[in-house]
Amino acid sequence: MAGAALVGLCGGLLDYKTTKFALTRNRRVGLLHRLLQLGVLSYLLGWVLLARKGYQDTDPAPRAAVVTKLKGAAVAEAGGAGRRLWDAADYVRPPQGENVLFLVTNFIATANQAQGTCPESPSVLDAMCTEDADCPMGNPVVRGNGMKTGKCVMFNTTHSTCEIYGWCPVENNTLPRKPLLAEAENFTLFIKNTVHFTKFNFSKCNTLQTNDPTYFKSCTYDPFFNPSCPVFRVRDMVEAAGETFEDLALLGGSIGVRIEWDCDLDYPAAQCQPQYSFSLQDRRYNFRTASYYWGSQRQLFRNLLKLYGIRFDISVHGQVLSPLQTLHAGKFSIIPAAVSFGTSIAFFGVATVVCDLVLLYLDAKADFYWKEKFEEVRMGPLWRGEVLQNPLKVRPRLQLRDIGNAPPQAPFTPEQPPGRCDG
């Protein structure tokens, strides 16, 4: 028994299966097959070729560089320092110009501060006191401006605060009702962006290649009439982000500048042009800075400025193959084209498999289709000196359209081999 089972197992490993085609006159399954094929063809043409551009190779790691420059001038009161002129050296942080910069639109100035003792501001909760015991010496004022000296003094006729050692007088907290640098709405921001796709040895800059030295001094960006001029008016950028300049300039905020590169390198390089978009990222943005100088008696002074303004965050992206991919460039290549076409064509085989499953398992005459599709051809054992004649008796073909009228058939049995000849 064990030997017979082993022989049967080894014989099963040597079986060969070949495809058998059966023409089925079933309109429902035929319609399903054509619909599935049409869906696969639509996927190949619409998504793989047009949307995803599966025939292109991409550069996933290009290099991008951004250089910025702000220009403009304004006049404003600078606290005790009086009226002063503000230019790019005063209202731009940092001065070297990169992909992040800050434009001052409003400020609070505290002039001529020197280190000494003075009452803390009553706006600081930890500085309120009624007696000296409320101001332990050497303790810092929480969210304040200095160290407590141990004394409770009068700040004005209505408030008593702890005396501190720090920069005196303490910082002024009175915010102007309108932005002091309202002229900043007409300032211009020059953005120079260069991308380099190393895989294709292709570089592109967003500035117009011109021999006119005055072009960038007179042009202003317009998405329809002047899209090649990378000089933007501040007010236009704020409004494109959905805000008004007056509201954002008073307390500050953050604007995102997005540069989109859509480059199909199968077309001329002139069609590779950037698109700009602006979005509001945050409201209320400020920080402090100070300038120091020595007095006539060698005493150190400073002018403190609390600056409010607009922070510009410039980012470079690309949208070549799909909205989910960023900063890519595409160019035709035989390898991704072959992979995309091969994968799509394989889906045609899936359509056939689905129709076979419907025909063999879900159709009302699935049993008959199963018998007609799968047939086992068995050869008799060959003995020494035996001759196998007519090993397979072929049945006449039955058209599936005559299934309803077909008479029952006897089970198929191969003919036995002839007997041995002893002569």
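The values are calculated or read from the model by the stated rules, or taken from the named source; none is laboratory data. Just so it is clear, the structure is predicted and the values come from calculations on it, not from any experiment. So basically every Cβ, Gly included, is an ideal-geometry build from the backbone, and we count neighbours across all protein chains shown. Ligands, DNA and RNA are stripped out before the accessible areas are found, and what is left, the full protein with its side chains, is counted by its heavy atoms. Shrake-Rupley method; radii C 1.70, N 1.55, O 1.52, S 1.80 Å.
Can you run phi through the Karplus equation (6.51, -1.76, 1.60; θ = phi - 60°) for region 24-34 and list ³J(HN,Hα) in whole Hz, with x for Gly and Pro?
Karplus values, whole Hz, x for Gly and Pro: 10, 8, 10, 5, 5, 5, x, 5, 4, 5, 5.
Net charge near residue 251: determine it from the other residues with C-beta under 9 Å of the C-beta of residue 251, scoring Lys and Arg +1 and Asp and Glu -1. All intermediate terms of the calculation are to be shown ahead of the outcome.
Working: positive: 283, 284; negative: 247.
Local net charge: +1.
Among 102-108, 357-363, how do they line up by average Cβ neighbours within 10 Å per residue, starting with the highest? Please report the intermediate quantities before stating the final value.
Numbers: 102-108: 23.1, 357-363: 13.7.
Ranking, from highest mean packing down: 102-108, 357-363.
Simple spin-label model, 7 Å along Cα-to-Cβ: residue 286 to residue 14 in nm?
9.3
Using a Förster distance of 60 Å, how high is the FRET efficiency between residue 25 and residue 222, based on the Cβ-Cβ distance and rounded to 0.05?
Values: r = 66 Å, r/R0 = 1.10.
That pair, residue 25 with residue 222, gives E of 0.35.
Once the other residues with Cβ under 15 Å from the Cβ of residue 123 are scored (Lys, Arg +1; Asp, Glu -1), what is the net sum?
Values: positive: 143, 306; negative: 120, 126, 171.
With Lys, Arg at +1 and Asp, Glu at -1, the net is -1.
In sequence order, what are the phi-derived ³J(HN,Hα) couplings for region 67-77 according to the Karplus relation 6.51 cos²θ - 1.76 cosθ + 1.60 with θ = phi - 60°, rounded to whole Hz, with x for glycine and proline?
10, 10, 8, 9, 9, x, 8, 8, 10, 8, 6
Under a plain spin-label model, where a point goes 7 Å from the Cα along Cα-to-Cβ, how far apart in nm are residue 294 and residue 277?
5.6
What distance in nm separates the simple spin-label points at residue 209 and residue 348, each placed 7 Å from Cα in the Cβ direction?
Placing both labels 7 Å beyond Cα along the Cβ direction yields 4.4 nm.
When the accessible area of region 84-207 is computed with all protein chains present and a 1.4 Å probe, what percentage of it is carbon and sulfur?
Details: 3310 of 6290 Å².
It is 53 percent, rounded to a whole number.
Quick query: amide H of residue 317 versus all other amide H atoms, modeled in the peptide plane; which residues come in under 5 Å with a sequence gap of 5 or more or a different chain?
259, 260, 261
Within 10 Å, count the other beta carbons around each residue, average over each peptide in 296-307, 211-222, and list them highest first.
On the way: 296-307: 13.8, 211-222: 11.8.
The densest-packed peptide leads the list: 296-307, 211-222.
Net charge near residue 34: determine it from the other residues with C-beta under 13 Å of the C-beta of residue 34, scoring Lys and Arg +1 and Asp and Glu -1. Can you show the working numbers first?
On the way: positive: 27, 28; negative: none.
Every neighbour counted, the sum reads +2.
Could you sort 243-253, 272-282 so that the peptide with the highest average Cβ count within 10 Å comes first and the rest follow in order? Kindly include the intermediate steps, with their values, before the conclusion.
Working: 243-253: 18.9, 272-282: 15.5.
Per-residue mean Cβ counts within 10 Å order the peptides as 243-253, 272-282.
For residue 41 and residue 365, what does the FRET efficiency come to when R0 = 30 Å and r is the distance between their Cβ atoms, rounded to the nearest 0.05?
So, using R0 = 30 Å, E works out to roughly 0.50.
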